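Student: This is the structure, below, for whatever I ask next.
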Amino acid sequence: MRVGVLNYHKCFNYGAYWQASCLANAVRARGHDAVILNHESWRATLREWICGLNPLTPAFSPLQAYPGYARKISGFLRAGARLPLSRKFALEQASNLEDFDMVIVGSDEVWNLKHSWYGGCPLFFGKGIRAGRLVSYAASFGNYPASEGLSPEIAEALRRFETISVRDDNSRELIQGALGVKPEIVLDPCLQFEPEPDSDCQLPDRPYAVVYGHSFSLAFANRVKQWARETDLRLISVGYHNAWVDENRHSATPDDFVHLMRSARAVATNFFHGCVFALRYGHPFVCEAMAYRAIKIRDLLALVGAEPHQLESENDAEIALNRLSEPLSPAIFARIDRLRESSANYLNRVLAEGT
């Protein structure tokens, strides 16, 4: 089949890039001609560049961080050019979109109505898509809470989908409330499929832990630094500038990110995909709660049985940060294995039904 994959592949974000790459490659590995739908929008591009150069917007990043962020963007642009892409078309008016046998919407928070520049975009709800079948894989509403429900217009758009899978319980609750069906929960592509970097990376010359994220609390940063001294590990910040680490690699390319995550001894994060990649490579990790990502991180950790790895308050610091020195529970791996099997069955079934 000719299959289109629709998500946020142009974000300067490691998780967004690898979700797109992993899902498209998984479909191609199953014998189909899969491409990522190459939507273009000057408004979204402008917002992405502003955020890419200054992730702390509306606050300002330290001056010394900007050259590294510019190199990071350059690395993303080079990596993006290697993705299997469709012809470009306008995000706001998909009149130039090709015809497909199937379009898979997801993964990523493609249905997040609160997203700053993609939120509510009709394309991600199927408008303008010309395909024999429209399905979703691991789609998410991000930080849009189930308590707010969905409008009749959004619900009607989602009824066009032949089958829906989501990656978190919050999204399942929204779909169930709006459509009266209970969608299957599947794993994020970065946890389901193996990322495949095209280039090597110069790794640190001594054991290290990855710090992934920004805007950590002072208490969290101080405790992680203390833990690193006690364990004789360097702290390497990947993708974002953090003044309190031993080394900043905030210009890391998507390939660098995978290599650095894979070879780390532990991960300290406040990002969803910091948790995902720690779980993928079986690393001890701890995640500080962050309001914007609270829903999807909570649901991910509950899904795999890793709730104790989230730091909810400063009072939990001593207990939660001990997780950085402890191997992951075998029960987590067992649950991930079961979810990988059910997620693979879902994708295989959806693709088989279209042939």
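Student: Among (1) surrounded by 23 or more Cβ atoms within 10 Å (Cβ to Cβ); (2) of a type in the set (A, V, I, L, M); (3) out of contact with any Ser or Thr (no Cβ under 6 Å at 6 or more places or on another chain); (4) closer than 17 Å to residue 175 by Cβ, where does residue 105 come up short?
Tutor: (3)
Student: Take the conditions in the same structural domain as residue 16 (by TED's automatic domain parsing) and surrounded by fewer than 20 Cβ atoms within 10 Å (Cβ to Cβ) and apply them to residue 112. Does it pass?
Tutor: no
Student: Additional query: Any idea how many residues of the range 272-294 are part of a helix (DSSP H, G or I) and closer than 19 Å to residue 19 by Cβ? Steps first, answer last, please.
Tutor: Residues of the range 272-294 that are part of a helix (DSSP H, G or I), as a first pass: 272-280, 291-294.
Remaining after also requiring closer than 19 Å to residue 19 by Cβ: 272-280, 292-293.
Residues in the range 272-294 being part of a helix (DSSP H, G or I) and closer than 19 Å to residue 19 by Cβ: 11 in total.
Student: A further question follows. With respect to residue 297, determine if the residue is surrounded by fewer than 22 Cβ atoms within 10 Å (Cβ to Cβ) and part of a helix (DSSP H, G or I). Let's see the steps before the verdict.
Tutor: Working: surrounded by fewer than 22 Cβ atoms within 10 Å (Cβ to Cβ): no; part of a helix (DSSP H, G or I): yes.
Taking the combined requirement at face value, the residue does not satisfy it.
Student: Only one of (1) more than 19 Å from residue 209 (Cβ to Cβ); (2) crowded, with 24+ Cβ neighbours inside 10 Å; (3) among the small types (Gly, Ala, Ser) fails for residue 291. Which number is that?
Tutor: (2)
Residue-wise test of (1) part of a helix (DSSP H, G or I); (2) on the phi < 0 side of the Ramachandran plot.
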{"site": "5", "(1), (2)": "no, yes"}
{"site": "10", "(1), (2)": "no, yes"}
{"site": "31", "(1), (2)": "no, no"}
{"site": "49", "(1), (2)": "yes, yes"}
{"site": "64", "(1), (2)": "yes, yes"}
{"site": "79", "(1), (2)": "yes, yes"}
{"site": "100", "(1), (2)": "no, yes"}
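Student: Only residues that are closer than 19 Å to residue 23 by Cα and assigned to a loop (DSSP other than H, G, I, E, B): list them for the range 131-150, please.
Tutor: Here is the first cut: in the range 131-150, the residues closer than 19 Å to residue 23 by Cα are 131, 133-142.
137, 138, 140, 141, 142 - these are the residues of the range 131-150 that are closer than 19 Å to residue 23 by Cα and assigned to a loop (DSSP other than H, G, I, E, B).
Student: Kindly check whether there is at least one residue in the range 204-219 that is β-branched (Val, Ile, Thr) and either within 18 Å of the chain's Cα centre (by Cα) or under 30 Å from residue 346 (Cα atoms) (or both). Quick ask: steps written out before the conclusion?
Tutor: Applying the first criterion (β-branched (Val, Ile, Thr)) to the range 204-219 yields 210-211.
Adding the requirement that they be either within 18 Å of the chain's Cα centre (by Cα) or under 30 Å from residue 346 (Cα atoms) (or both) leaves 210-211.
Scanning the range 204-219 turns up at least one residue that is β-branched (Val, Ile, Thr) and either within 18 Å of the chain's Cα centre (by Cα) or under 30 Å from residue 346 (Cα atoms) (or both).
Student: Shifting gears a bit: Would you check if there is a residue in the range 69-86 being assigned by TED's automatic domain parsing to the domain that holds residue 167, more than 27 Å from residue 187 (Cα to Cα), over 24 Å from the mean Cα position of the chain (by Cα) and surrounded by fewer than 15 Cβ atoms within 10 Å (Cβ to Cβ)?
Tutor: no
Student: If a residue must be loosely packed, with under 14 Cβ neighbours inside 10 Å and of a type in the set (S, T, N, Q), how many such residues does the range 200-243 contain?
Tutor: Qualifying residue count, the range 200-243: 5.
Student: Can we say residue 43 is touching a Ser or Thr at 6+ places or on another chain (Cβ under 9 Å), assigned to a helix (DSSP H, G or I), in contact (Cβ under 8 Å) with a residue 60 or more places away in the chain and exposed (fewer than 15 other Cβ atoms within 10 Å of the Cβ)?
Tutor: On the way: touching a Ser or Thr at 6+ places or on another chain (Cβ under 9 Å): no; assigned to a helix (DSSP H, G or I): yes; in contact (Cβ under 8 Å) with a residue 60 or more places away in the chain: yes; exposed (fewer than 15 other Cβ atoms within 10 Å of the Cβ): yes.
No.
Student: Moving on. Being assigned to a helix (DSSP H, G or I) and among the small types (Gly, Ala, Ser) is the filter; apply it to the range 325-355 and report the residue that is surrounded by the fewest Cβ atoms within 10 Å (Cβ to Cβ). Break it down into steps so the answer makes sense when it comes.
Tutor: First, the residues of the range 325-355 that are assigned to a helix (DSSP H, G or I): 325, 330-353.
Now drop any that are not among the small types (Gly, Ala, Ser), which leaves 325, 331, 334, 342-344, 352.
Numbers: 325: 13, 331: 11, 334: 12, 342: 13, 343: 25, 344: 16, 352: 9.
Result: 352.
Student: To continue, here is another question. Looking at the range 325-355, which of its residues are without any contact (Cβ under 8 Å) to a residue 40 or more places away in the chain and of a type in the set (Gly, Ala, Ser)?
Tutor: Hits for the range 325-355 are 329, 331, 334, 352.
Student: Which residues, counting only those in the range 160-199, are surrounded by fewer than 17 Cβ atoms within 10 Å (Cβ to Cβ), part of a loop (DSSP other than H, G, I, E, B) and in contact (Cβ under 8 Å) with a residue 60 or more places away in the chain?
Tutor: Correct list: 194, 196, 198.
The values are calculated or read from the model by the stated rules, or taken from the named source; none is laboratory data. Quick caveat: nothing in here was measured; it's all calculated off a predicted structure. Note that we place each Cβ from the backbone using ideal geometry, even for glycine, and neighbour counts take in every protein chain shown.
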